[in-house]
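A quick write-up on the structure given underneath.
The values are calculated or read from the model by the stated rules, or taken from the named source; none is laboratory data. Just so it is clear, the model here is predicted, and its values are computed rather than measured. So basically every Cβ, Gly included, is an ideal-geometry build from the backbone, and we count neighbours across all protein chains shown. Just the protein is used for accessible areas: all its heavy atoms, side chains included, with ligands, DNA and RNA removed. Shrake-Rupley method; radii C 1.70, N 1.55, O 1.52, S 1.80 Å.
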Amino acid sequence: MNDQTLDSLQVEVTPLRTGATWLMAIGKVRLILSLGFLVALTTAGSCNSPALFQSNFDATAVGQPPSPTQAVGTASVEGSVLVVAAPPNAQPSGKWLQIKIVNKSGQVASFQGKLTQQPGNGTYVFSTALFIPPTGPQGEDNVATISFEALAPQGNLPAEFMHLDFLANNRVQIDDDSGTVFGQFPRNQVFIVQITLDINATAAKAHIMLSGAGASGETDRNVISPLVQQAQKFGAVRIRMGFPHTGTFFATNVLVQRKQ
């Protein structure tokens, strides 16, 4: 946080400004600190937690699909996925992914980030910043999905072993299971998603946390037993929108690290 930012925050929390203004200022401080932490992770990583995938999309021109070569790892896209300038009032203000489906034609729009390796059992931390607009006048629900995949699926099992849907009611659901709905997130504001995966020889589980700009909630989820072997081959993350959803959302600072 630079001196100018600190000065602006100090003006907002002077003793003469109380009540709602004080709460707004505190909320801004929390969001800036949270986003600053995420940017620091994306920029530098940690000597104890090497990055297996990392991108903030700054190397790609606005209006172009993200490059197959990322800062760490590689990427592929399907459907309408472009690098764009930051949404209005979004921080960080660098480049973002725009993921978009304009009608219910069965389209999919997805960005897949492939890890540099399939390192096997261990603890992994995924994080990203999301910006999801409100539902639209033409029925756009702007439902965002984050999924975790095996890069080399086992047998006839699906590559995906867990996913999160950021629903039209501003809550989050795991693996299409209505019993897993938790938390809340804001529209037209940046918030952070952090997911810690613990994968071992017999089980895999996730700790999921939302933070920043009014987002809140955390929960745990065990990967269902038939898909644990897929989790053991964890090799990719996917940020997507799929049928029957339509609309647009944005993501940036996508990072996967392995804890040592």
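Per-structure values
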| item | result |
| --- | --- |
| Rel. contact order, % - alpha carbon contacts under 8 angstrom, at least six apart, the range 107-255 | 38 |
| Set of lysines with alpha-carbon distance to Lys205 below 23 Å, sequence-local pairs under 8 removed | Lys114, Lys233, Lys259 |
| Net lengthening on full extension, Asn188/Thr135 (0.36 nm per residue, minus Cα-Cα) | 18.0 nm |
| Residues Thr202 and Ser67, FRET efficiency given R0 of 35 Å [Cβ-Cβ distance, rounded to 0.05] | 0.40 |
| Hz values of 3J(HN,Hα) by residue in the range 144-152 - Karplus curve (6.51, -1.76, 1.60), Gly and Pro given as x | 9, 10, 10, 10, 10, 9, 7, 7, 10 |
| Rounded Å value of the spacing that divides the Cα centres of the range 81-160 and the range 199-260 | 10 |
| Proximal aspartates and glutamates relative to Lys104, as straight alpha-carbon distance under 15 Å, when same-chain residues fewer than 8 apart are discounted | Glu140, Asp141 |
| Overall form of the range 125-260 per C-alpha gyration tensor (a/c, 1.5; a/b vs b/c) | prolate |
| Cα gyration tensor shape of the range 45-103, rounded if a/c is under 1.5, else prolate or oblate by comparing a/b with b/c | oblate |
| Ala213 long-range amide H proximity, modeled H, under 5 Å | Leu31 |
| Accessible surface of the range 77-203, 1.4 Å probe, proportion on carbon and sulfur as whole % | 45 |
| Solvent exposure of the range 213-260 as accessible area per residue, Å², 1.4 Å probe | 38 |
| Extension reserve of the Val102-Glu218 stretch, reckoned as 0.36 nm per residue once the Cα distance is removed | 38.6 nm |
